[in-house]
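One structure is given below, encoded as structure tokens.
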Amino acid sequence: MSAQNNEDQAGDLLAEAVRLREENRLEDAREHLLALLARFPDDARVAYCTAEVHDMLGLESEAVPFYERCLGGRGLSDDDRRGALLGLGSTYRVLGRYPRAVDTLRLGVAQYPDDGGLQTFLAMALFNTGDHHEAMQILLRLLATTSHDPQVQLYRRAIEQYSKNLNETV
């Protein structure tokens, strides 16, 4: 079987797992994905979906190797890679592995600097490591640049300035 046929077949079977997940049949989706991953161990898309389902089931420790596998492989779309970095970083954080969470989320922010979700989870992980100053800077910058609240926008310049130096009292 050619590599393309193999990818097509994995894609068709993966669609079934996605359908099960969307129907909230998470345990069925998990079983389907584990079987699919046994057939297609190098398919990063399958590993990513497997990680997500484990996370959704509250099986964070079991999700980690699947996230690591998908990020170490090839074939993830840009959106899936972004989601996998956020998922892995968030999962490390939930497990109390804060330095690993920070490293993973920093990598995500470096690759996707405009992703507010990655920035938010990085700020939370930084808070957990005791780096409250940097966490606050990230959140203030994010608030200033993404909020549609008229009062936030009124003070946007000041908020952005304070995000650079929280100790400043201009």
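Every read-out reported here was derived from the displayed coordinates using simple, explicitly stated rules and does not represent laboratory data. Bear in mind that the values here come from a model prediction, so they are computed numbers and not experimental data. Here Cβ is always computed from backbone atoms with ideal geometry, including for glycine, and neighbour counts include all displayed protein chains.
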Nearest-20 debye value, the chain charge dipole, Cβ charges on Lys, Arg, Asp, Glu = 600
The chain: most fluctuating residue of Asp55, Asp103, Asp78 per GNM, C-alpha cutoff 10 Å = Asp78
Over the stretch 27-124: Rg over Rh, Cα atoms, Kirkwood Rh = 0.97
Give, in nm to one decimal, the length gained when the segment between His132 and Asp149 is fully stretched (0.36 nm per residue of separation minus the Cα-Cα distance).
-> 3.7 nm
Looking at Ser163, Val53, Gly72, which one has the Cα that reaches farthest to the positive end of the dipole of the chain (charges on Cβ: Lys, Arg +1; Asp, Glu -1)?
-> Ser163
Cα lying deepest toward the dipole's positive end in the chain, options Leu86, His133, His148, charges on Cβ | His133
Sites Ala38 and Leu142 - FRET efficiency at Förster radius 30 Å, r taken between beta-carbons, to 0.05 = 0.15
Can you give the FRET efficiency for Asp114 and Asp12, using 1/(1 + (r/R0)^6), R0 = 22 Å, r = Cβ-Cβ distance, to the nearest 0.05?
-> 0.10
Contact order relative to length of the chain, as percent, for alpha carbon pairs under 8 angstrom and 6 or more apart | 12
Going through the stretch 49-96, which trypsin sites (Lys or Arg not before Pro) have at most 15 other Cβ atoms within 10 Å and a DSSP loop state?
-> Arg74
Rounded to the nearest whole Å³, what is the per residue volume of the convex hull around the Cα atoms of the chain?
-> 124
Convex hull around the C-alpha positions of the stretch 102-159: the volume in Å³ per residue is 73
Stretched out fully, how many nm does the piece from Leu57 to Asn24 gain, at 0.36 nm a residue minus the Cα gap?
-> 10.8 nm
